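Structure, as structure tokens:
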Amino acid sequence: MEAGPGAVQLRDKGLDAAPMLRRARRLLRPCRDRGVKLLVNGRLDVALAAGTDGVHLPGDAIPPSEARRILPAGSLVGRSVHHDDELRAAHDADYLFLGPVFDTPSKRAFGEPQGVRRLAEVCSRAGRPVIAVGGITAARVSEVLGAGAAGVALIGAVLDAPDPGQAVAEILAALRQARMGGGLASPLRPNDPASRIRPVDPGGSGQA
């Protein structure tokens, strides 16, 4: 957290609602203090009870529009996509996760890596920020941002690192370098209103 990521996603597929809620509440204060968004993966009930910044939906979850009916106004609703059917179903999400872009143990259940070419295709069609996930390292940041990704999300590169804080700092440094080189804006930093992901207006165009 000290390294200053744009957002933290609470994700634990094997955790029951009550302990996940306790964990979300413990994370909320340090996230708020540092201007970091906190999202809950797949659990609308936990996101609502904890008062987080929003929810990240799996590809087979309810439509983002239904989640938005439950959550407070202004909540972020993201969605994972792995194939075209899920991409079409995510037309009203604020942002998308596409993966796995590269091979990674945590995403092998979702099939073969999609690759950078597929990432570029989805970014060109999505109409909203696309976050690259799966096998992301600092060395790959420039490549995925060059393909059109608005940012990156990672698990193993942080949790498996000897110093997770340093690993996050290296990813953030790679993001800054890539964005300065390509004129790209950060999608999740809260202090830059011009580049922030904005919640979809249900009555508007659905563009983030």
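The values are calculated or read from the model by the stated rules, or taken from the named source; none is laboratory data. Keep in mind that this is a model prediction, so the values were computed, not measured. Note: ideal-geometry Cβ built from the backbone for every residue, glycine included; neighbour counts use all protein chains shown.
Odds and ends about this structure:
- Per the listing 81, 8, 40, 55, the residue uniquely β-branched (Val, Ile, Thr), free of Cβ contacts under 8 Å to residues at least 60 places away in the same chain, over 20 Å from residue 150 (Cβ atoms) and crowded, with 17+ Cβ neighbours inside 10 Å is 40.
- Test for residue 146: is it within 27 Å of residue 110 (Cα to Cα) and modelled with pLDDT of 95 or more: yes
- Cβ pairs under 6 Å, 6+ apart, first in region 97-116 and closer than 19 Å to residue 158 by Cβ and touching a residue at least 24 places away in the same chain (Cβ under 8 Å), second basic (Lys, Arg) and surrounded by fewer than 23 Cβ atoms within 10 Å (Cβ to Cβ): 99/107; 100/107
- Apart from one condition, residue 87 fits all of (1) closer than 20 Å to residue 176 by Cα; (2) aliphatic (A, V, I, L, M); (3) touching a strand residue (DSSP E or B) at 6+ places or on another chain (Cβ under 7 Å); the exception is (1).
- Lone unmet requirement of (1) under 29 Å from residue 112 (Cβ atoms); (2) surrounded by 14 or more Cβ atoms within 10 Å (Cβ to Cβ) for residue 48: (1)
- Within region 19-37, restricting attention to residues that are within 19 Å of the chain's Cα centre (by Cα), basic (Lys, Arg) and more than 20 Å from residue 79 (Cα to Cα), the residue that is surrounded by the most Cβ atoms within 10 Å (Cβ to Cβ) is 23.
- When residues of region 93-112 are limited to those that are touching a helix residue (DSSP H, G or I) at 6+ places or on another chain (Cβ under 8 Å) and surrounded by fewer than 21 Cβ atoms within 10 Å (Cβ to Cβ), the one nearest to residue 14 (Cα to Cα): 106
- Selection status of residue 13, at pLDDT below 95, under 26 Å from residue 167 (Cβ atoms) and within 17 Å of the chain's Cα centre (by Cα): yes
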